[in-house]
Amino acid sequence: MAEDLTRPSRGGAPKWGPFAGRVTGPGAGALAIAAAVVALSAASVHAVTADVRPAGDPVHGKTVYQACMGCHSLDEDDVGPRHRGVLGRVAGSVPGYSYSAALKGSHIVWSAETLDRWLTNPQGLVPGARMFFSMSDPKDRADVIAYLGEQK
């Protein structure tokens, strides 16, 4: 028969959780359950709020995108690949463009989240990629991503 871990051991200490073997007496099991509920609640709040980015303004994004145009355009490859239709595209997949092996092998699909991470720190996301330009302002990144999302 399986051991019932929801009940305290003979000494009253819970058999699992953060207080396992440390807390004894009446209510020790309930204390362990309460601690577990608090920990799980905190984890779920973090999971919901961890990926909060500002809403993007595509009109302002078009202006901010001018900084990208030293190497990119919407419709032609240049120093960097063309950007029209980038959202939903697999990184390193524009036909005819010569990508780094690192980016080609990354298997990233460009989404708002991956583009935000890329624009924050390209080398951090894909070590060995050729792009070194980054945008430190989260609002500017969100605006550029919103603008690119309209360029289908």
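Readers should treat all values here as calculations from the given coordinates under stated rules, not as data from a laboratory. Source: prediction; values computed, not measured. Here the Cβ is made from the backbone with ideal geometry for all residues, glycine too, and neighbour counts use every protein chain on show.
Packing here is the average count of other Cβ atoms within 10 Å per residue, and on that basis the peptides 96-108, 130-142, highest first, run 130-142, 96-108.
For segment 74-131, the orientation-averaged shadow of the C-alpha convex hull comes to 3.6 nm² (one quarter of the hull surface).
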